[in-house]
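The values are calculated or read from the model by the stated rules, or taken from the named source; none is laboratory data. Because the structure is a prediction, the values reported are computed rather than measured. Please note: Cβ atoms are built from the backbone with ideal geometry, for glycine as well, and neighbour counts cover all protein chains shown.
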Amino acid sequence: MIKLICIFLMMCSCVTPVSALEIEAPNVPQSGRHIMPEEIDSFGDGLVELLNNALNTFSPDLVEAFEVAMQIITVSMMLALLQTIPSRVKHMADITGTAVITSMLLRSTKSMISLATQTIQELSNYGKLLCPVMTTALAAQGGISASTSLYIGTSTFNAFIGSLIADVLVPMVYLFLALSAANSAVGEDILKKLGVLIKNAISWSLKTLLIVFTTYMSITGVVSGTTDKATLKATKVVISSAVPVVGGILSDASESILVGAELMKNAAGIYGILATLAVFVDPFLKIGVRYILLKITSTICGLVTTKSITGLIEDFTTAFGLLLAMTGSVCLLLLISTVCFLKGVS
Amino acid sequence: MDDFWKSIAVVLTSAILGLAIGKTEKDLSVLLTMTTCSIVGVITVNYLKPVLNLLKELTYMGQLQDNILMVILKSVGIALVSEFASMVCIDAGNNSLAKVLQLLGCSTIAFLSVPMIRSVLSLIEEILFIL
């Protein structure tokens, strides 16, 4: 009897609390919370609601961008009155106009660069939270080697692109703008060429990084996905043949567990994609509307004012384009990685 | 548009008159040029009134600060006036005076644009501080 009680107590001491695996995507960051859909029935409905919410909240930004465009057109029209003068005095007035337009645009660009940097940081941080969840979900579904390699790739590229943009590309955008303003005031060709070089370097590095990342994810997905699929198949065969009588039932039960894990992974992935988009869409619209309005402004100013001032406005438009590209790259990276996780071992 | 055609007529007449009296009465010819320039200038300002009104509307729409508007308007005005004055000096045969006037125009515009350039520099400073 004593022996039985001792064995019972020893067995009780070995008991550890267990629960079913919970896979939930991390909550959407504060900046995207106001446009995140309340309930996500399907990806399509969620996306439509998210876009509607984003469009409803961005009218103040449209007004602000419109005001900046109007200010630039006004100053350009005033400077157009000097077009008939051939002397140095006109050049001096042009420099004043350039200073005014640079000041207006730099103020707007500075806030947008801060917004883009903040968004990139938030997306990067959200990616750091989402990736482990998706990795766990994929591993639970049987994609152990796929989840590991996808996690390594995503986290490495995520960290690298975040640092690259914050430490190298954003200062390069400022340098590009400084060169552009100096070129507009002084009219030196070498400054323009340097500006073009910087612009090309930024777009080239972003493109290369995305191509390398996409290639890595494709190869990893195919190779490790196939390995995991083969391993799963082999395991099922072993279970059904090695365990007598109930082997087949166990094998079928494992199938339903895997389906459940896949469902959880899909839910987490869809929430993750929508949360990523919620963080990204608002800044994208803000920068995008400024980009489009500045494009239109530069076209209008091209009709009335000098080439140098039109060039300055175009260069600021290019800077907004580069900001869109940077933010878009980080978002795309997260979306691609989440989709790769969703694709899983199939 | 009547004023436009009248101005053309005045300018052409004064040019011919200037040629006629320029050889004997150069001082009168310069005076004639100055008077014509002033008359045409006044007419030009009249034509520019709707443009200035449009600029005011755009300023209102764009919420442009008054000081920026004044700097640009003053710069444009100074550039135009100093240019015309220096042209008159060249016509009168005083190239050095013309150059001095242009220099004065440049200096005044530079003086006016100091706050604007300071604002750009402070923005650049802020950006460098962020970086």
> Just checking, which of B:Ile109, B:Ile90 is over 30 Å from A:Leu169 (Cα atoms), at pLDDT 85 or above and within 9 Å of chain A (Cβ to nearest Cβ)?
Replying inline: B:Ile109
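Could you tell me whether the range A:162-174 includes any residue that is under 30 Å from A:Val259 (Cβ atoms), at pLDDT 85 or above and of a type outside the set (Gly, Ala, Ser)?
Scanning the range A:162-174 turns up no residue that is under 30 Å from A:Val259 (Cβ atoms), at pLDDT 85 or above and of a type outside the set (Gly, Ala, Ser).
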> Out of B:Ser107, B:Ser96, B:Ser82, which single residue is crowded, with 17+ Cβ neighbours inside 10 Å and of a type in the set (S, T, N, Q)?
Replying inline: B:Ser82
>> I'd like the full set of residues that are β-branched (Val, Ile, Thr) and within 9 Å of chain A (Cβ to nearest Cβ), limited to the range B:112-131.
In response: B:Ile117, B:Val120, B:Ile124, B:Ile127, B:Ile130
> Taking into account only those residues within the range B:57-73 that are at the interface with chain A (Cβ under 8 Å from one of its Cβ atoms) and more than 25 Å from B:Val42 (Cβ to Cβ), which is nearest to the chain's Cα centre (by Cα)?
Replying inline: B:Ile68
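Taking the condition polar (S, T, N, Q) and in contact with a Gly (Cβ under 9 Å, 6 or more places away or on another chain), does B:Thr44 pass? Before the answer, list the steps.
Working: polar (S, T, N, Q): yes; in contact with a Gly (Cβ under 9 Å, 6 or more places away or on another chain): no.
Answer is no for this residue.
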> Which is in a helix (DSSP H, G or I), without any contact (Cβ under 8 Å) to a residue 12 or more places away in the chain and under 26 Å from B:Leu55 (Cβ atoms), of A:Val48, A:Val68, A:Val75, A:Val63?
Replying inline: A:Val63
> If a residue has to be touching a Gly at 6+ places or on another chain (Cβ under 7 Å) and either under 30 Å from A:Val289 (Cα atoms) or modelled with pLDDT under 80 (or both) to count, how many in the range A:122-149 make the cut?
Replying inline: 6
> Checking B:Glu83 against (1) of a type outside the set (S, T, N, Q); (2) more than 7 Å from every other protein chain (Cβ to nearest Cβ); (3) within 14 Å of the chain's Cα centre (by Cα), which test does it fail?
Replying inline: (2)
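For the range B:41-59, indicate whether the set of residues that are under 29 Å from A:Ser111 (Cα atoms) and among the aliphatic types (A, V, I, L, M) is non-empty. Step through it out loud before you land on a result.
Within the range B:41-59, the subset under 29 Å from A:Ser111 (Cα atoms) is B:55-59.
Subsequent filtering for residues that are among the aliphatic types (A, V, I, L, M) retains B:55, B:58.
Within the range B:41-59 (the criterion being under 29 Å from A:Ser111 (Cα atoms) and among the aliphatic types (A, V, I, L, M)), the answer is yes, since at least one residue qualifies.
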>> Could you tell me how many of the residues in the range A:59-70 are at pLDDT below 85 and within 7 Å of chain B (Cβ to nearest Cβ)?
In response: 0
>> Give me the residue from the range A:314-346 that is in a helix (DSSP H, G or I) and polar (S, T, N, Q) and, out of that set, farthest from A:Ile152 (Cα to Cα).
In response: A:Thr317
> Which of the residues that make up the range A:173-188 are among the small types (Gly, Ala, Ser), at the interface with another protein chain (Cβ under 10 Å from one of its Cβ atoms) and farther than 12 Å from A:Ala99 by Cβ?
Replying inline: A:Ala178
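What's the total number of residues in the range B:56-73 that are part of a helix (DSSP H, G or I) and surrounded by 17 or more Cβ atoms within 10 Å (Cβ to Cβ)?
7
Is it fair to say A:Ile202 is part of a helix (DSSP H, G or I), at pLDDT 85 or above and either more than 30 Å from A:Arg88 (Cα to Cα) or touching a Cys at 6+ places or on another chain (Cβ under 9 Å) (or both)?
yes
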> What do you reckon, is A:Val75 buried (at least 19 other Cβ atoms within 10 Å of the Cβ) and at the interface with chain B (Cβ under 7 Å from one of its Cβ atoms)?
Replying inline: yes
>> For a quick check of your reading of the model, give me the residue pairs whose first member lies in the range A:134-148 and is free of Cβ contacts under 8 Å to residues at least 40 places away in the same chain, whose second is in a helix (DSSP H, G or I), with beta-carbon atoms closer than 6 Å and at least 6 apart or on different chains.
In response: A:Ala139/A:Ser147
>> So A:Thr215 passes all but one of these: (1) of a type outside the set (A, V, I, L, M, F, W, C); (2) surrounded by 13 or more Cβ atoms within 10 Å (Cβ to Cβ); (3) at pLDDT 80 or above. Which condition number does it fail?
In response: (2)
> Only one of (1) basic (Lys, Arg); (2) surrounded by fewer than 21 Cβ atoms within 10 Å (Cβ to Cβ); (3) modelled with pLDDT under 85 fails for A:Lys265. Which number is that?
Replying inline: (2)
>> For the range A:81-136, give me each residue that is among the polar types (S, T, N, Q), facing another protein chain (nearest Cβ under 7 Å) and assigned to a helix (DSSP H, G or I).
In response: A:Thr96, A:Thr102, A:Ser103
> If you check B:Val51, B:Val76, which single one turns out to be within 21 Å of A:Thr305 (Cα to Cα), within 9 Å of chain A (Cβ to nearest Cβ), over 13 Å from the mean Cα position of the chain (by Cα) and not charged (D, E, K, R)?
Replying inline: B:Val51
>> I'm trying to understand the selection: among the residues of the range B:107-126, which are in contact with a Ser or Thr (Cβ under 8 Å, 6 or more places away or on another chain) and closer than 30 Å to B:Thr35 by Cβ?
In response: B:Thr108, B:Ile109, B:Leu112
